[in-house]
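Colleague: Sharing a structure, written as structure tokens. Questions coming.
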């Protein structure tokens, strides 16, 4: 049976052995065909796993926002192997990641899909937030337009309050401050906000506070990898 391995990547700088288990690294070493977002960064990642990794023997198929269905069909038709991997640029593949489409095709073709253990910034942030981990929603990116963004924030806050559902979202690193300003301006004072920055790296910082306390803070989140979590159900005492 054909197999496709979902290969985790590091979330940032640091010791690879701290976040990618040795057993997973051994599985990666055995692969030579990869679906990737960026060939250059993938090569660096493989060399970090093993400085002697035979890069020249590998075959890379790029998948990103510009990849068409025709490209993907061509990739699959040119696979001369029964075992292939998908590597995300950061964290786990197929979660907020273009690899999901490849996995869907693999299922359709009857391939065995094998997820390998590794860091997910979304789940790690939820674990550390102190918010509801039994009912949560990851909504991805919020609107760029300020009015639409704040309308969306209010909508998510209302859902959280009504359903006791943690709302999780992200932003492009250089727009983090704009999102933060919208959150502290829009949310109720006792709504809790968690800012999880640079998870699993030496710069990691995770803090949950009510909005009225965040209004007195100036978190260092500009151009940082951040996960935002919102909880309007829990009453801060």
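Colleague: Percent antiparallel among DSSP beta bridges with both residues in the range 3-115, to the nearest 5?
Modeller: Roughly 5 percent of the DSSP beta bridges within the range 3-115 come out antiparallel.
Colleague: Out of all DSSP beta bridges with both ends in the chain, state the antiparallel percent to the nearest 5.
Modeller: If we restrict to bridges inside the chain, about 45 percent are antiparallel.
Colleague: What is the chain's relative contact order, in percent, from Cα pairs under 8 angstrom and six or more apart in sequence?
Modeller: 22
Colleague: Mean-square fluctuation check for the chain, GNM, Cα pairs under 10 Å: which of 154, 29, 216 is largest?
Modeller: 216
Colleague: Based on the Cβ-Cβ distance of residue 146 and residue 95, what FRET efficiency does E = 1/(1 + (r/R0)^6) give at R0 = 30 Å, to the nearest 0.05?
Modeller: Computed FRET efficiency for residue 146 and residue 95: 0.60.
Colleague: Hey, for a label at residue 30 modelled as a point 7 Å past Cα toward Cβ, could you say which residues of the range 59-87 have their backbone N under 12 Å away?
Modeller: Within reach of a label on residue 30, which here means backbone N under 12 Å from a point 7 Å along Cα→Cβ, the range 59-87 contributes 83-84.
Colleague: Taking the 0 to 90 degree range and rounding to the nearest ten, how far is the long axis of helix 99-108 tilted relative to the main principal axis of the chain, both from C-alpha atoms?
Modeller: 60
Colleague: A further question follows. Using 1/(1 + (r/R0)^6) with R0 = 35 angstrom and r between the beta carbons of residue 217 and residue 114, what's the FRET efficiency to the nearest 0.05?
Modeller: 0.25
Colleague: Using only alpha carbon pairs under 8 Å that are at least six residues apart, calculate the relative contact order of the range 3-115 and give it in whole percent.
Modeller: For the range 3-115, the relative contact order is 45 percent.
Colleague: Based on DSSP, what percent of beta bridges with both residues in the range 121-231 are antiparallel, to the nearest 5?
Modeller: Looking only at bridges with both residues in the range 121-231, the antiparallel portion is about 80 percent.
Colleague: Work out the FRET efficiency for residue 15 and residue 104 from their Cβ-Cβ distance, taking R0 = 30 Å, and round it to the nearest 0.05.
Modeller: In this case the efficiency is close to 0.35.
Colleague: Also, I was wondering about something else. Need one word for the range 121-231: rounded, prolate or oblate. Basis is the Cα gyration tensor (sqrt eigenvalues a ≥ b ≥ c); a/c below 1.5 gives rounded, then a/b vs b/c decides.
Modeller: rounded
Colleague: Right, next: For the chain, find the longest principal axis of its Cα atoms and tell me its angle to the long axis of helix 146-163, 0 to 90°, nearest 10.
Modeller: Once rounded, the angle reads 80 degrees.
Colleague: Run the simple label-point estimate for residue 82 and residue 154 please: 7 Å along Cα→C-beta, distance reported in nm.
Modeller: The answer from the label model is 5.9 nm.
Laboratory data are not the source of any read-out in this text; all were calculated from the coordinates shown. Predicted, not measured: the structure shown is a model, and the values here were computed from it. Glycine gets a Cβ as well: all are built from the backbone with ideal geometry, and neighbour counts include every protein chain shown.
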